[in-house]
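Single-structure report; data block below.
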Amino acid sequence: MPEIIARTATADYPIFIQQGALDHLGERVAASCQGRRTVIVTDDQVGPLYLERVSASLKAAGFNCGEAIVPAGEGSKNPERLAFLYARFHETGLSRTDPVIALGGGVVGDLAGFAAATWLRGVPLVQVPTTLLAQVDSSVGGKTAIDLPQGKNLVGAFYQPRLVVMDPAVLHTLSRRFMADGMAEVIKYGLIGDEALLDQIEQQAYDLEWVVARCVRSKIAVVARDEKDSGERMLLNFGHTVGHAIEKATGYAAFSHGEAVAVGMVMAAAIGEKLGETDPGTGDRIRRVLEAYQLPVQADVPLQALLPAIFSDKKRLGSRIHYVLLRRPGEAFLKPMTPNELSAVLGEVWPRG
Ligand code: GLY
């Protein structure tokens, strides 16, 4: 059973990856948190599958459990749902030592994480990710946020969890689309820094638990060096500038996060090749692996609809957007570009409808 320790400037915490971990969650949380009240935050798709088991494990370990169930989907990452969580925390009497359990995918992790970061100025957060995307990326590293009408993840906090508990068994019940969603982030980890992982994914010869542990180790290494996203961590957003813009322009409905990032990665390769920064043929390799996992490689959205979100990207520092490009598969770098430079090159590579 891998037990990985994440180390950051603000906190060190364990990440457990263990078959059947959901049934032992209570013991682990009790060992890490003083308080014995908790609220389990989940959504209406994950709740029916795992809430009872998780709640039973926590109760057996002596916890008084409240629950907060939100509708599944990005639409729940909003100020109204955040206020709903605060209300549930208040009703349950959560004090500063009592943990919040985020049981679900990236949406639940981000929303519950931000609520935990801000309730009483911060209560312990336990991430229990149930999707591939959340296991390989969003549950680790401390990014929490909600969306605003102006854009995705615009309000949030860097807030490291007290512990992360992953049960690889939950991945077996995911739909093909949810698996593909997470696989886009796995492919991203391969492309930005781990060509050996990319090779395994291309050959479809991998063990999922190994993939999760490998991505988690990559992520915590980056976060240890740049917790607050001021340099190297921005590389983890490869494909995300255009990806987030696609999600926003299509109302967070037509594309899953991973699907939008897949298109964003193809675009980043096309930009890099056009600018002579990326080895020729990289874009073709990316398209092939994405298609093998039934991920989209283009989006039928006019570029004009994407540009406002692209220009308000959080990787904008001063007048320049720090766009993540590849030198080649396995090596990423930040390319500062003015909005004019970026829209000119995007205009050349974005497929015309
Ligand atoms: N998902 C990118 C990061 O955590 O920095």
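Quick notes
- Single match in GLU67, GLU52, GLU74, GLU91 (criterion: open to solvent by 20 Å² or more (accessible area, probe 1.4 Å), farther than 20 Å from THR144 by Cα, among the acidic types (Asp, Glu) and in contact (Cβ under 8 Å) with a residue 12 or more places away in the chain): GLU91
- Test: residue in the range 270-284 that is in contact with a Leu (Cβ under 7 Å, 6 or more places away or on another chain), farther than 22 Å from PRO129 by Cβ, among the aliphatic types (A, V, I, L, M) and buried (at least 22 other Cβ atoms within 10 Å of the Cβ): yes
- Qualifying positions in the range 1-25 - modelled with pLDDT of 95 or more and part of a strand (DSSP E or B): ILE4, ILE5, ALA6, ARG7, ASP12, TYR13, PRO14, ILE15, PHE16, ILE17
- Scanning the range 26-34 for any residue that is farther than 19 Å from PRO168 by Cα, among the basic types (Lys, Arg) and either at pLDDT 95 or above or part of a loop (DSSP other than H, G, I, E, B) (or both) turns up nothing.
- Some residue of the range 225-245 being more than 16 Å from the ligand (Cβ to nearest atom), open to solvent by 30 Å² or more (accessible area, probe 1.4 Å) and in contact with a helix residue (DSSP H, G or I) (Cβ under 7 Å, 6 or more places away or on another chain): no
- Residue count, the range 253-263 (criterion: open to solvent by less than 10 Å² (accessible area, probe 1.4 Å), within 15 Å of the chain's Cα centre (by Cα) and more than 13 Å from LEU191 (Cα to Cα)): 2
- Each residue in the range 147-170 was checked for being assigned to a strand (DSSP E or B), farther than 20 Å from ALA245 by Cα and open to solvent by 50 Å² or more (accessible area, probe 1.4 Å), and 1 pass.
The values are calculated or read from the model by the stated rules, or taken from the named source; none is laboratory data. Everything quoted here is computed from the prediction, not taken from an experiment. Here the Cβ is made from the backbone with ideal geometry for all residues, glycine too, and neighbour counts use every protein chain on show. Remember, those area values only see protein heavy atoms, side chains included, never the ligands or the DNA or RNA. Shrake-Rupley method; radii C 1.70, N 1.55, O 1.52, S 1.80 Å.
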